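Coordinate-derived values only; no laboratory data. Every value quoted in this text rests on a predicted model; they were computed, and no experiment measured them. Note: ideal-geometry Cβ built from the backbone for every residue, glycine included; neighbour counts use all protein chains shown.
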Amino acid sequence: MKTENEIMEIESLPLGKIISITCKGIKIRIWRSLIVVSGIVLAIAFLSYILCSDGFAQNVSKAAGSIVEQGSPEKIQELKDQRVQTYWMVGLAILISFVGIVNAMLMSVTERFREIGTMKCLGAIDSFVLKMFLIESVIEGVIGALLGVLAGILIAYVEGVFTYGSGVWSLLPLAWLLGVVAFSFVTGVIITVVAALYPAREASKMMPVVALRAEL
Amino acid sequence: MSSDTVISIKNVKRCYRMGGEQVWALDGVDLDIQRGEYISIMGPSGSGKSTLFNMIGGLDLPSEGEVTIDGAFLTKMNQKQLAYIRCRKIGYIFQTFNLIEVMSALENVMLPIIFSGASDEEAKSKAIGILDKVGLSGRYDHRPSQLSGGQQQRVAVARALANTPAILLADEPTGNLDLKTGEDLIRTLQKLKDDLGVTVITATHDNKMLAASDRVIYLEAGKIIDIKTKEHLSFSFGKIG
């Protein structure tokens with residue numbers, strides 16, 4: 001009778017191979033992937049738009065503050081209220097991004113339970129399934145967040161031209177703008193990967209029979 | 001346990017929770033399966049045959065009892081060892097084929113070979129060889145949806161054979177096939193058993209499949225109620241026919 005130690009284990013596939021399998025999957029499911037990406041684009045566009053417009057407003061009021069001598073207490077209170085309102089808006093934007101992206105990732109994992117079960121019957125180990133979904137979420141997160149940031153900032157500037165006139169182009173310091181880009185992009189990628197992590201982990205740990213039985 | 005026992009099931013129980021109630025899908029099953037045997041598991045739906053099938057294949061683990069394959073306890077294996085058994089020792093054929101829809105026939109067959117650690121080139125040439133053998137040359141790049149039911153099942157058979165497993169598990173393999181393709185499949189399974197000594201285990205309620213079997217296990221309410229050997233089967237068939 002064999003002992004446990006003698007039982008062979010399956011080798012993990014090299015990362016490059018998992019990436020190539022994942023990319024093939026994304027390409028074949030391109031429309032499904034685009035829907036997920038567009039969810040991320042929308043969420044992050046909203047976030048970067050809010051941040052960017054807020055930047056305009058802050059810099060305008062800064063400029064106004066230096067011209068109109070030290071503001072009255074009422075004016076300062078009004079500005080403070082505006083800040084609080086903006087924080088709420090940014091918080092809301094992040095929340096909306098989070099919910100939207102979690103929903104997209106949850107769907108894209110759960111609708112593939114059967115496929116996961118089948119792969120496990122053929123010898124896929126847990127880490128393969130997990131890595132596959134994480135790689136996919138990183139790719140979708142990076143593309144979606146990048147497009148989202150661009151779209152959000154573009155919309156903010158187009159709107160800014162109408163609100164502030166052509167002066168809007170010089171309103172935001174470059175460092176500020178880069179800050180908005182970096183914050184929105186990183187938020188987008190992190191939310192996407194975190195959103196994929198939970199369903200992917202659950203899916204990877206399932207016994208094949210549970211995954212195969214899953215009805216959607 | 002004789003030395004040629006490939007699968008041994010000892011007092012296996014499997015409990016599911018349905019609502020607040022415990023349902024015993026398997027209620028103490030003992031069975032030894034010899035290398036190269038052709039076994040059919042028969043029983044009405046809900047008798048536990050799919051559950052038993054899943055236990056044998058390491059697709060699910062028992063609530064109680066032991067399952068061993070080649071003397072190794074499935075219940076004590078880690079996930080990488082289970083994956084090794086599923087990849088190298090067992091080939092699965094499902095009633096619903098379970099081909100991966102987004103992959104071509106060739107890629108479906110390549111997948112278990114790649115999981116076993118082979119290179120893409122190796123996997124490709126091996127998969128092409130097997131697809132040719134099951135009569136699907138020229139259909140390599142077809143997606144499952146572009147193939148007929150019989151062809152899909154042949155891709156599934158090719159995929160099950162990809163790593164030359166010692167055990168072939170087939171859950172209602174003829175359930176979704178017409179009479180003729182079903183008979184072809186049974187002949188294929190029988191040929192595998194005769195030529196390569198593959199142990200074939202099927203869960204079925206298709207009477208056609210019984211004629212090919214060495215033993216038929218009758219399951220009801222999670223228990224084995226009868227085991228008939230080939231001789232006994234042909235005798236009773238004679239009486240009926």
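Listed values for the stretch B:59-67 are Karplus-derived 3J(HN,Hα) couplings in whole Hz (6.51 cos²θ - 1.76 cosθ + 1.60, θ = phi - 60°), namely 8, 8, 10, x, 6, 9, x, 10, 10, and x replaces Gly and Pro. On the beta carbon distance between B:S125 and A:M8, with R0 = 25 Å, the FRET formula returns roughly 0.60. Beta bridges from DSSP with both residues in chain B: antiparallel share about 55 percent, rounded to the nearest 5.
Show me, for the stretch A:196-205, the HN-Hα J-couplings you get by feeding each phi into the Karplus relation (A = 6.51, B = -1.76, C = 1.60, θ = phi - 60°), rounded to Hz, glycine and proline as x. Values, residue by residue: 7, 4, 5, x, 5, 5, 4, 5, 5, 8 Hz. Only Cα pairs within less than 10 Å get springs; with that Gaussian network setup on chain B, which residue of B:G43, B:G135, B:G58 has the largest fluctuation? In this elastic network of chain B, the residue with the biggest mean-square fluctuation among B:G43, B:G135, B:G58 is B:G135. When the alpha carbon coordinates of the stretch A:21-147 are projected onto the principal axes, the ranges are 74, 21, 20 Å, largest first. Less than 5 angstrom separates the built amide H of B:I41 from those of B:T202, B:A203, B:T204, B:I217, all sequence-distant by 5 or more or on a different chain.
May I ask you to derive the FRET efficiency for B:T164 and A:L95 from their Cβ-Cβ distance with R0 = 56 Å, giving the value to the nearest 0.05? Step by step, r from the Cβ atoms, then E = 0.55.
Applying the Kirkwood pairwise sum to the alpha-carbon positions of the protein assembly as shown produces a hydrodynamic radius of 25.4 angstrom.
For the protein assembly as shown, the antiparallel share of DSSP beta bridges with both residues in that region comes to about 55%. Dipole size of chain A about its Cα centre, with +1 on Lys/Arg Cβ and -1 on Asp/Glu Cβ: approximately 460 debye, rounded to the nearest 20.
Taking 7 Å steps out from each Cα toward its Cβ at B:E101 and B:D30 produces label points 4.6 nm apart.
Dipole size of the protein assembly as shown about its Cα centre, with +1 on Lys/Arg Cβ and -1 on Asp/Glu Cβ: approximately 440 debye, rounded to the nearest 20. Model label sites at B:D184 and B:E64, defined 7 Å from Cα along the beta-carbon direction, differ in position by 4.6 nm.
Between the beta carbons of B:E220 and A:T110, assuming R0 = 51 Å, the FRET efficiency works out to 0.90 to the nearest 0.05.
Subtracting the Cα-Cα distance of A:F162 and A:Y198 from their residue separation scaled by 0.36 nm leaves 8.7 nm. Per-residue extension of 0.36 nm, minus the Cα-Cα distance of B:T229 and B:E21, leaves a gain of 71.2 nm for this segment.
Under a 5 Å amide H cut-off, with hydrogens placed 1.01 Å from N, B:L26 pairs with B:R14 among residues at least 5 apart or on other chains.
Using a Gaussian network model of chain B in which every pair of alpha carbons under 10 angstrom is joined by a spring, one finds that among B:A162, B:A118, B:A203 the greatest mean-square fluctuation is at B:A118.
Taking A:S184, A:S170, A:S127 as the candidate residues, the one with maximal mean-square fluctuation in a Gaussian network model of chain A, Cα springs under 10 Å, is A:S170. Structure note, pairs A:K17/B:K76; B:K126/B:K193; B:K89/B:K124; B:K10/B:K89: Cα-Cα distances above 27 angstrom occur for A:K17/B:K76. Once both labels are positioned 7 Å from their Cα atoms along Cα-to-Cβ, the gap between A:K205 and A:S127 label points is 1.7 nm.
Across the stretch A:36-41, computed HN-Hα scalar couplings (Karplus, 6.51 cos²θ - 1.76 cosθ + 1.60, θ = phi - 60°) run 4, 4, 5, x, 5, 4 Hz from first to last residue, x flagging Gly and Pro. Calculated mean residue ellipticity at 222 nm for the protein assembly as shown: -19000 deg cm²/dmol, from DSSP H runs with n ≥ 4 weighted as -39500 (n - 2.57), summed, divided by the residue count and rounded to 500.
Projecting the Cα atoms of A:A63, A:W169, A:I139 onto the charge dipole of the stretch A:20-213, computed from C-beta unit charges around the Cα centre, puts A:I139 farthest toward the positive end. Rounded to the nearest 20, the size of the Cβ-charge dipole of chain B about its Cα centre is 80 debye, with Lys and Arg at +1 and Asp and Glu at -1.
The residue among A:L92, A:L154, A:L122 whose Cα reaches farthest toward the positive pole of the charge dipole of chain A, with charges on the beta-carbon of Lys, Arg, Asp and Glu, is A:L122.
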